[in-house]
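Have a look at the structure below before the remarks.
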Amino acid sequence: MIESIGKLIALVISILTIRQLSLQNSKTELEIKKLRLEIKRLKEGD
């Protein structure tokens, strides 16, 4: 019984960690897009 509770907790923590990482990943992708647009704008400004 206690073992299965431990496994369940570990599973929940894993899922939350994966979710957090995927959220960070999409945030990073947005930041990269912003930077690319900014670089493009700077190049066109010259």
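Confirm whether Glu3 is surrounded by 10 or more Cβ atoms within 10 Å (Cβ to Cβ) and on the phi < 0 side of the Ramachandran plot. So Glu3 fails the test.
Here is a check on your reading of the model: is Ile18 in a helix (DSSP H, G or I), of a type in the set (A, V, I, L, M, F, W, C) and surrounded by 10 or more Cβ atoms within 10 Å (Cβ to Cβ)? It would help to see each step written out before you state the result.
Numbers: in a helix (DSSP H, G or I): yes; of a type in the set (A, V, I, L, M, F, W, C): yes; surrounded by 10 or more Cβ atoms within 10 Å (Cβ to Cβ): yes.
In short, yes.
Residues in region 32-46 that are surrounded by 10 or more Cβ atoms within 10 Å (Cβ to Cβ) and either acidic (Asp, Glu) or on the phi > 0 side of the Ramachandran plot (or both): Glu38 only.
No value in this document is a laboratory result; all are computed from the given coordinates. It should be emphasised that the depicted structure is a prediction, and the values quoted were computed from it without experimental measurement. Here the Cβ is made from the backbone with ideal geometry for all residues, glycine too, and neighbour counts use every protein chain on show.
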